[in-house]
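Values in this text are rule-based calculations from the coordinates and carry no lab data. Nothing here was measured: the structure is a model prediction, and the numbers come from that model. Here Cβ is always computed from backbone atoms with ideal geometry, including for glycine, and neighbour counts include all displayed protein chains.
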Amino acid sequence: MRGRKPTPKRGETPVTELEPPIELTSDARTEWRRVSTILCADAIINELDRGLLAAYCQAYGRWVQAERVLAKMAELDPIACALTITTKNGNAIQNPIIGIANKALADLARYAVELGMTPSARARIDRVPKPGKKEVAKQAAESAGRGTDWGNDLAPTARVH
């Protein structure tokens, strides 16, 4: 998409909790629980965003898994720290796990923007301002000034003729 991105709106159908898809890995489910709670509480997402959130969480899980593999490989290779591997021909090439980690991290960052999870994305989200003390007091004074119109709701014995 070229140009300015549209301003994300708050979820039209607020939800308090979204269930994670069963296909998510353990790390992805952990991230789901962490971020879905926050996003639902702020009414940023609703049921329609479940697939996008699942993609974000799965990318997160894949990134964590790749980083764990790299850390284990680095323990066995203190010189290259698993950044490179040697081919059958003896050539040193970049470890393919690094490519997997980088791709997952790029996907994660892209999904995070779509879900309003980056500072710049949060700045674009339309937020409904919570009324301050002055606004609440003003509304109370206006409604008190109008009085009440109970009309025929009063009991027959209480009516004044």
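Overview of values
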| quantity | calculated |
| --- | --- |
| Sites Leu105 and Glu19, calculated FRET efficiency, Cβ-Cβ separation with R0 30 Å, nearest 0.05 | 0.70 |
| Cys57, Cys81, Cys40 arranged by Cβ crowding within 10 Å, fewest neighbours leading | Cys81, Cys40, Cys57 |
| Sites Lys138 and Thr37 - FRET efficiency at Förster radius 30 Å, r taken between beta-carbons, to 0.05 | 0.35 |
| Order of Leu24, Leu76, Leu83, Leu39 - criterion: other Cβ atoms within 10 Å of each residue's Cβ, fewest first | Leu76, Leu83, Leu24, Leu39 |
| Ala74 paired with Asn89, simple spin-label distance in nm, labels 7 Å along Cα-to-beta-carbon | 2.9 nm |
| 3J(HN,Hα) from dihedral phi, the stretch 32-41, Karplus parametrisation 6.51/-1.76/1.60, rounded to Hz, x for glycine, proline | 4, 4, 5, 8, 5, 4, 5, 5, 5, 4 |
| Principal axis dimensions, largest first and in whole angstrom, of the stretch 26-145 by Cα | 88, 26, 21 |
| Virtual spin-label span in nm between Arg124 and Ala112, 7 Å along Cα→Cβ | 1.6 nm |
